[in-house]
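Please read the structure below before turning to the comments.
The values are calculated or read from the model by the stated rules, or taken from the named source; none is laboratory data. What you see is a predicted model; the values in this text were computed from it and never measured. Neighbour counts run over all protein chains shown; Cβ positions are idealised from the backbone, glycine included. Heads up: the accessible areas ignore ligands, DNA and RNA and are worked out on the full protein's heavy atoms, side chains in. Shrake-Rupley method; radii C 1.70, N 1.55, O 1.52, S 1.80 Å.
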Amino acid sequence: MNNKNNKPTDAHFIKFFMLIMVLYQPFTYASASSANPYVVAGIRHTVGLKSDGLVLATGLNQQGQCNVGSWRDIVQVAAGTYHTVGLKLDGTVLAVGSSFLGKLNVNSWTDITQANAGVYNTLGLKSDGRVVAVGYNDNGETNVFDWEMISPHAITKTTFLPLKDQYMRK
């Protein structure tokens, strides 16, 4: 944060976001008859999934990552770097936002049970345990095409613990 305006830079947001994505990314199954409501945070945008399968988004819409108003029958959402991904009840995937490096190229995906949005890529888990990926691959991030037998899991309940007073900024 040591820039001349003493504000976080994109690099700070990306490092923080990558940590949060690893620590917490909710999943649901595409076979669910209704969505489990939850929220996810992307880079400068927030996405919410309602129990009726509708999606809300707010924040910086610089690349169209908040353009989810027409999405219906969504059972899972993920927020990445300037992109948002939605898993539909029928196992297909929607994506909006920055198409940088092809991370929105999910139109042909079918039979998906989980989807996730990374910094420069998008991943999907198929019902047969195979993984599909699009986007940046200079460091092998999307080299998952030979992965098999990956089992989906669901987070059914998340508990948030309050911070102790000594950790709060005064």
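List of remarks:
- Hits in segment 83-111 (condition: crowded, with 22+ Cβ neighbours inside 10 Å and either at pLDDT below 95 or charged (D, E, K, R) (or both)): LYS103
- Unmet criterion (only one of (1) in contact with a strand residue (DSSP E or B) (Cβ under 8 Å, 6 or more places away or on another chain); (2) within 24 Å of GLY48 (Cβ to Cβ); (3) open to solvent by 70 Å² or more (accessible area, probe 1.4 Å)) for PHE145: (2)
- Among the residues making up segment 73-82, a single one is of a type outside the set (A, V, I, L, M, F, W, C), open to solvent by less than 20 Å² (accessible area, probe 1.4 Å) and closer than 20 Å to LYS50 by Cβ: GLN76.
- Qualifying residue in segment 57-77 (condition: within 14 Å of the chain's Cα centre (by Cα) and more than 21 Å from PRO37 (Cα to Cα)): no
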